[in-house]
Amino acid sequence: MPTISLNNKLSSTILIFQVDPKNQSALIDAGIENSKKVMEKKTGFVSTSFHKSFDGTSVVNYSQWENRKSYVDAINFLNLDEVAIGGKIFDIADADWNIYELVFSAGTNPTRISKDANLVTVVNMFSVKPENQKKLLQLLEDLRVVVEKQPGFISANVHRSFEGTRIVSYAQWNTKETYQAVYTNSDARPILDEIKKISKFSWNLYEVVYTSD
């Protein structure tokens, strides 16, 4: 079962696909096939998981690797058969992807990614100028203090891309409604307003549909 924890000292790759709802299932099938036949056999692979949004418009692939180099080597040294398998994914949809470092976590326990957890996963993706990434991380740290007190909060993990233009938050809540209550919280709203000034962000709600062994 994949676990997100600062103690892991791993690098994460996060791919966020925007997809026509009619193609969501096909995209997930292609992604899982590529994972099982190609990526999970590569040196340095640790874990992977696929998530589908409830509204059908998005798919997230969250993977962990021993380090950045192991992932870069994995995708740079593919044979023709492996390229063909992976190509099925991008025939369906393109992804916003990057390699990330876990910066901080919130919650009493490490995040465990499981199909059986019966939780709602929330993935927020922030686009930011490199010179503002540090400030955005501080704002998200301030927001963490607020959301940890919210009913229904389980865990949150904030990742920064090494090249400075992306931050991704991977969070778990017990319901959609408890997450959405953050946006009406009087303590959270000023922080969210500041976040909007320096970044563009999008979010969606997901369920876990696959995890590697």
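From the cross-link list K135/K196; K52/K88; K42/K129; K135/K176; K52/K129; K69/K135, which pairs have alpha carbons spaced over 21 Å apart? Walk me through the numbers before you get to the answer.
Details: K135/K196 12 Å; K52/K88 18 Å; K42/K129 33 Å; K135/K176 28 Å; K52/K129 28 Å; K69/K135 27 Å.
The answer is K42/K129; K135/K176; K52/K129; K69/K135.
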For the chain, what does -39500 (n - 2.57) per DSSP helix run (n ≥ 4), summed and divided by total residues, give at 222 nm, in deg cm²/dmol to the nearest 500? -9500 deg cm²/dmol
Just the projected area, averaged over all directions, of the convex hull on the alpha carbon atoms of the chain: how many nm²? 11.3
Angle between the Cα long axis of helix 24-37 and the longest principal axis of the chain, 0 to 90 degrees, nearest 10? 60
Once fully extended, how much extra length lies between D91 and V103, figured as 0.36 nm per residue of separation less the alpha-carbon to alpha-carbon distance? 1.0 nm
Convert 10 °C to kelvin, take the viscosity as 1.306 mPa s, use the Kirkwood radius over C-alpha pairs of the range 9-57 as Rh, and evaluate the Stokes-Einstein diffusion coefficient in µm²/s, rounded to a whole number. 131
For the range 103-205, using Cα atoms only, the Rg and Dmax in Å read 13.1, 40
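By the gyration tensor of its Cα atoms, with a ≥ b ≥ c the square roots of the eigenvalues, what is the shape of the range 3-99: rounded for a/c under 1.5, prolate for a/b over b/c, or oblate? Before the final figure, lay out each step's value.
On the way: a/c = 2.19, a/b = 1.29, b/c = 1.70.
Verdict is oblate for the range 3-99.
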Could you state the angle between the C-alpha long axis of helix 80-92 and the longest principal axis of the C-alpha atoms of the chain, as a value from 0 to 90 degrees rounded to the nearest 10? 40
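Each reported figure results from applying straightforward, stated rules to the coordinates on display, with no laboratory input. What you see is a predicted model; the values in this text were computed from it and never measured.
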